[in-house]
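Reviewing the structure listed below.
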Amino acid sequence: MKTLLAVKNISKTRPIRVLLAEDEHIYQSIIEKYIHDFDMQLTIVDDGQKCLDTLEKQHYDVILMDIIMPKINGLEVAQAIRKKGITTPIIAVTSNIWKEDEEQSRQSGMNDFLPKPFNAQKLAQKIAFWSKKRAPQKRWYPST
């Protein structure tokens, strides 16, 4: 419960913007409820390409990234994000629960790993930790 209060306190002093890249509607709904309860701002995209497109237009404090998604998977999206110089913390939220999956997510540029299913407390811990560590964001603008 302390973590949930800490997350709400962080959100009140500076709004936390979260980008969720998740194609499964049930997890979109669950995470949306949690993020709403944390008093944070949330944008949801349902595939990897939309994630990259959204990051071209808006800065986020934390990215929650599913690994298995249509068009471009989460590992490839994380690599593309890092190649652009974007340092926003990326937390893998995935049904892939093996140690190899966690290692692959970190090798792709993700900062943390949260296997599904998870509860609000676990998600709050991860967001609180990474939102405190967020650095000034390097902006990426598409070439013209």
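Per-residue Karplus couplings for the range 93-105, computed as 6.51 cos²θ - 1.76 cosθ + 1.60 with θ equal to phi - 60°, are listed in order as 10, 8, 7, 6, 10, 7, 4, 4, 5, 5, 4, 4, 5 Hz, Gly and Pro entered as x.
Placing R0 at 22 angstrom, the Cβ-Cβ distance between T54 and E100 gives a FRET efficiency of 0.15 after rounding to 0.05. Computed from the alpha carbon atoms alone, the convex hull of the range 2-130 holds 91 Å³ per residue. Restricting the range 41-80 to trypsin sites (Lys or Arg not before Pro) that sit in a DSSP loop and have at most 15 other Cβ atoms within 10 Å of their own Cβ leaves K71. Label sites at K132 and Q107, each approximated as a point 7 angstrom past Cα along Cα to Cβ, lie 3.1 nm apart. Spin-label model, E24 to D39: label points 7 Å out along the Cα-to-beta-carbon direction sit 3.1 nm apart.
Any read-out appearing in this document is the output of simple, stated calculations on the displayed coordinates, not a laboratory observation. Quick caveat: nothing in here was measured; it's all calculated off a predicted structure. Heads up, the Cβs are rebuilt from the backbone with ideal geometry, glycines too, and the neighbour counts pull from every protein chain shown.
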